[in-house]
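For reference, the structure discussed in these notes is given below.
The values are calculated or read from the model by the stated rules, or taken from the named source; none is laboratory data. Source: prediction; values computed, not measured. With ideal geometry, Cβ positions are generated from the backbone for all residues, glycine too; neighbour counts draw on all protein chains shown.
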Amino acid sequence: MKKPARLTIKALCLTGLALLVAWLLPSEQLLVVTRLSDQNPILEAPLKGEMGFTLYYHHSVNGMPIWEVHSVDKEGRIFIEEERFVSFNAGMGHWQGHGTHVNKDGFQSLVGIHKPTGDFVLRVGSPKVGHTVIVGPKRTNLSLLAPGQAVQFSIRPMSFLEKTWRKFLPNSETFAPGAANDRSSRNLKS
């Protein structure tokens, strides 16, 4: 075999190896919300660095706003960190060992909870309840996409190559990193 052919083969092998490493090497984590009935994702949102997400909704009895702040560790485990609300309502409250109750910015808050939830299932409320996932400035109203349905929240690693690929070929049905993609019915403040 001639030298140029060997160099070409080596270059192709190295390029292939580099692409394989880029595909396998985790870059960041991806929040995935999947409809349990058909296993289709209705939300995929990249979580950069130590970024978590917030689940915002209105209490089903009195309609008051509630925020549940979640973190994700490096292994992809989900934790609830804080609950914020106007007042204690049915099914809500502070119990021993579940954070510290404080008044924060005019709201009741349970802070410092740091309880693992792992992957969890949520029965999405009606549009009136407005279950909304907030990741950074992006908001996705699950109550408009899957009212009354069970969805699963999970985290999976996203490789550098997948992250790059998603920038150029985003899934229009889920989050597109960097795109103006507010799938919420109202302007919510987090």
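Annotations
- Residues being touching a strand residue (DSSP E or B) at 6+ places or on another chain (Cβ under 6 Å), surrounded by fewer than 18 Cβ atoms within 10 Å (Cβ to Cβ) and closer than 19 Å to residue 59 by Cβ - total across the range 130-150: 0
- Taking the numbered list (1) modelled with pLDDT of 85 or more; (2) closer than 16 Å to residue 161 by Cα; (3) touching a helix residue (DSSP H, G or I) at 6+ places or on another chain (Cβ under 9 Å) in turn, residue 27 passes all entries but (1).
- Close contacts from the range 106-129, counting a first residue that is on the phi > 0 side of the Ramachandran plot and a second that is of a type in the set (S, T, N, Q), with Cβ to Cβ under 6 Å and a gap of 6+ residues or different chains, come to 112/100.
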